[in-house]
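The values are calculated or read from the model by the stated rules, or taken from the named source; none is laboratory data. Being a predicted model, the structure only gives us computed values, none of them experimental. Glycine gets a Cβ as well: all are built from the backbone with ideal geometry, and neighbour counts include every protein chain shown. All accessible areas refer to the heavy atoms of the entire protein, side chains included, with ligands and DNA or RNA removed. Shrake-Rupley method; radii C 1.70, N 1.55, O 1.52, S 1.80 Å.
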Amino acid sequence: MLILGVESSCDETGLALYDTELGLLAHALHSQVEMHAEYGGVVPELASRDHIRRVLPLTERVLHDANKTLQDIDAIAYTQGPGLSGALLVGTSFAESLAFSLQIPTMNVHHLEGHLLAPLLEANPPAFPFVALLVSGGHSQLMRVDGIGEYILLGDTLDDAAGEAFDKTAKLLGLGYPGGPALAKAAESSKSNGTNPRFKLPRPLLNSGDLNFSFSGLKTAVLTLSKKHQPLNAATTADIAWEFQEAVTDLLTAKCMSALRETGLDNLVVSGGVGANSKLREKLNAATQRKLCKVSYPRLEFCTDNGAMIAFAGAMRLKAMQEEHGNKHYSFSVRPRWDLAELQKP
Ligand code: KG4
Ligand code: ZN
């Protein structure tokens, strides 16, 4: 079966074709980063308008690259949420109307399930069950994953998401947008190292005894530090960025290892934009190796938003439904208890 994947939840339009027998055939992406950069963050209205401009040419591109036509597509998977409503509406209306005209089914995908399953697109994919660290611009969660749709939340952020913390801190330090890659780049030129850091920031909730995160205190600590060193020169900015990255990656690594210990699992899967951070990968590689555990990541381009992860998540759900219901993509249930007051106007 050939599945077209459509991602438009935020500032990237992603299209992909995934074949359930042959794997990923083609994917194409347009990032709006440059367009939003001058505003220092995503402008929702501009994002929606740009998705409209990109979605058709990108669909044509993946069909061309995979040497397929519209008639070869068996189903369309699209991001239904969470995300910016206007942006989501573009992908949704495109996918639903194309599927309607082709008389094929649609699969509405949860954006985070897309991220969570992205590492499974790689060669030697991790097997269920595993612990997943999902670190994106909007989420920082640890999850136990037993199969498609079998997710148990182990830990969550109490305030900012890890990516959000990178973005806000980068802004505070006068680094570019998106903040994660900009801050990581600035940290590279720092002369600090593990035994000799120029600054020391706190590690919130490191020993909290649970698997939750908190990043907003770190951001405030950076604000205080940077006020003390005004005007910030490049070297001080780099040293603060270095220590901030150390603090976030220390926290993420420690909680991942606690999650593996608590669940008794030996398989860790990392996904979401912050999963592209090389310091995080370095620390997770070392820590899992010490405990004889395995860690998997998506390739760098599939850490951030893309259509391939949506096509893949849709394909996995379609496959599971077919195994259960054969080729009929429907199911039904009865409601023995049903309160009349729950009914809504049609
Ligand atoms: O998963 P994603 O593309 O979008 C969401 O679903 O949110 O993640 C974007 C987030 C942004 O906050 C960005 O700053 C962060 O991922 N990010 C990084 C890196 N690359 C992207 N954070 C740290 N280091 C990176 N190399
Ligand atoms: Zn995302």
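Please identify the longest segment of the chain free of exposed GluC sites (Glu not before Pro), where exposed means a DSSP state other than H, G, I, E or B and no more than 10 other Cβ atoms within 10 Å. Looking at the chain, 39-346 is the longest stretch - no exposed GluC sites (Glu not before Pro) with at most 10 other Cβ atoms within 10 Å. Solvent exposure of the chain, expressed per residue, is 49 Å² of accessible area, with all protein chains present and a 1.4 angstrom probe. Backbone phi angles across the stretch 177-190, fed through the Karplus curve with coefficients 6.51, -1.76 and 1.60 (θ = phi - 60°), yield HN-Hα couplings of 10, x, x, x, x, 5, 5, 4, 5, 4, 5, 4, 8, 6 Hz in residue order; Gly and Pro are listed as x. Under 5 Å from the amide H of F215 lie the amide H atoms of L158, D159, D160, each residue being 5 or more positions distant or on a separate chain, with H modelled from the backbone and absent for Pro and chain starts. How far is helix 85-102 tilted off the main Cα axis of the chain, in degrees rounded to 10, range 0 to 90? The helix 85-102 is inclined about 30 degrees to the chain.
Element breakdown for the chain at a 1.4 angstrom probe: carbon and sulfur atoms account for 53% of the accessible area. Taking only the C-alpha atoms of the stretch 144-259, the Rg (one decimal) and the largest Cα-Cα distance, Dmax (whole number), read 15.2, 51 Å. Considering only Q230, I152, T288, and ranking their Cα positions along the charge dipole of the stretch 128-297 that arises from unit charges at the beta-carbon of Lys, Arg, Asp and Glu, the one farthest toward the positive end is Q230. Please return the longest stretch of the chain lacking exposed loop sites, where chymotrypsin sites (Phe, Trp or Tyr not before Pro) count only if DSSP places them in a loop and at most 16 other Cβ atoms lie within 10 Å. My reading of the result: 40-329 is the longest stretch.
Does the stretch 42-162 come out rounded, prolate or oblate, given a ≥ b ≥ c as the square roots of the eigenvalues of its C-alpha gyration tensor, rounded meaning a/c under 1.5 and, failing that, prolate meaning a/b above b/c? It comes out oblate by the Cα gyration axes.
Principal semi-axes of the equivalent ellipsoid, √(5λ) from the alpha carbon gyration tensor of the chain, are 37, 24, 20 Å from largest down.
Relative to the first principal axis of the alpha-carbon coordinates of the chain, what is the inclination of helix 44-65, with its axis defined by its Cα atoms, in degrees from 0 to 90 and to the nearest 10? Roughly 60 degrees between the two axes.
Dividing the convex hull volume of the alpha-carbon atoms in the stretch 211-253 by its residue count gives 47 Å³ per residue. Would you please state which residues of the stretch 97-136 a label at K294 would reach in this model, taking the label point 7 Å out along Cα→Cβ and a backbone N cut-off of under 15 Å? The answer is 119-132, whose backbone nitrogens lie closer than 15 Å to the label point. Once the Cα atoms are used to define both axes, helix 216-228 deviates from the longest principal axis of the chain by about 40 degrees. Based on Cα atoms of the stretch 218-344, Rg over Rh with Rh as the Kirkwood radius reads 1.19. Computed from backbone phi with θ = phi - 60° and the Karplus coefficients 6.51, -1.76 and 1.60, the 3J(HN,Hα) list for the stretch 283-295 is 5, 5, 4, 5, 5, 5, 4, 4, 9, 6, 9, 10, 10 Hz; x is used for glycine and proline.
Put a plus charge on the Cβ of each Lys and Arg, a minus charge on the Cβ of each Asp and Glu, and nothing anywhere else: the dipole of the chain about its Cα centre is then about 1000 debye.
Working from label points 7 Å from Cα in the Cα-to-Cβ sense, the K191 to S278 distance is 2.2 nm.
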